[in-house]
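Below you'll find the structure, written out as structure tokens, and then a few comments.
Just so you know, all these numbers are worked out from the coordinates, no wet-lab data involved. Keep in mind that what you see is a predicted model, and the values were worked out from it rather than measured. Cβ coordinates were reconstructed from backbone atoms using ideal geometry, including for glycine residues, and neighbour counts include every protein chain displayed.
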Amino acid sequence: MAFSGSFDHSLDGKGRAIIPSSFREALGEDFTITINPTKTAVAIYPKEVWMSQLERLSHINPMDKVGLQYERYLMSVSFSGNNIDAQGRVLIPSKLRSKIGLSRDVVFVGLNHYIEIWDAEVYAKMERETEESFENLVDYIYEKYPE
């Protein structure tokens, strides 16, 4: 199942957020919470998807300083073994909340194979900018990824 849709939520005083019900089954148990590839949101990866990310990292040569720098950073902001509690919540680690600048109001966004959690204000700004350039984005996608 692909993750899609966006859902407004809020973090409680402990940094927990309710996972949208439509995401819970596909997310499963033992998921990883980390930073998204553009460092603009928190990312939540189902176990199988995260394992494929780790497989990619396993090909980095131990003498590749640039590759190791990326791997070191990514692994330092990745928290595995997470589960949804009985109330449907997950704790967003404080390290990630501060790196991303999450406020109380957040937006969950389904991004096909994983979930992103954005600060609501930042997401609203990005969404407006995307809507303004949507025609160009469509052209880009169809040119870059023709099939």
**Message:** What whole-number distance in Å separates the alpha-carbon centres of the stretch 35-77 and the stretch 106-134?
**Reply:** 22 Å
**Request:** Compute the distribution of all C-alpha to C-alpha distances in the chain, in bins of 5 Å from 0, and list the percent of pairs in each, rounded to whole numbers.
**Result:** 2, 9, 17, 20, 19, 15, 11, 6, 1, 0
**Asked** Which value, in debye to the nearest 20, describes the size of the charge dipole of the stretch 6-144 about its Cα centre when Lys and Arg Cβ atoms bear +1, Asp and Glu Cβ atoms bear -1, and nothing else is charged?
**Response** 740 debye
**Item:** Karplus-derived 3J(HN,Hα), 6.51/-1.76/1.60, for each residue of the stretch 75-92, Hz, glycine and proline x
**Value:** 5, 6, 10, 10, 10, 9, x, 8, 9, 7, 7, 4, 8, x, 9, 9, 8, 8
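What order, most packed first, do the peptides 113-123, 127-137 have when packing is the mean number of other Cβ atoms within 10 Å of each residue? Intermediate values should be presented prior to the final figure.
Details: 113-123: 20.4, 127-137: 9.9.
The peptides rank, most packed first, as 113-123, 127-137.
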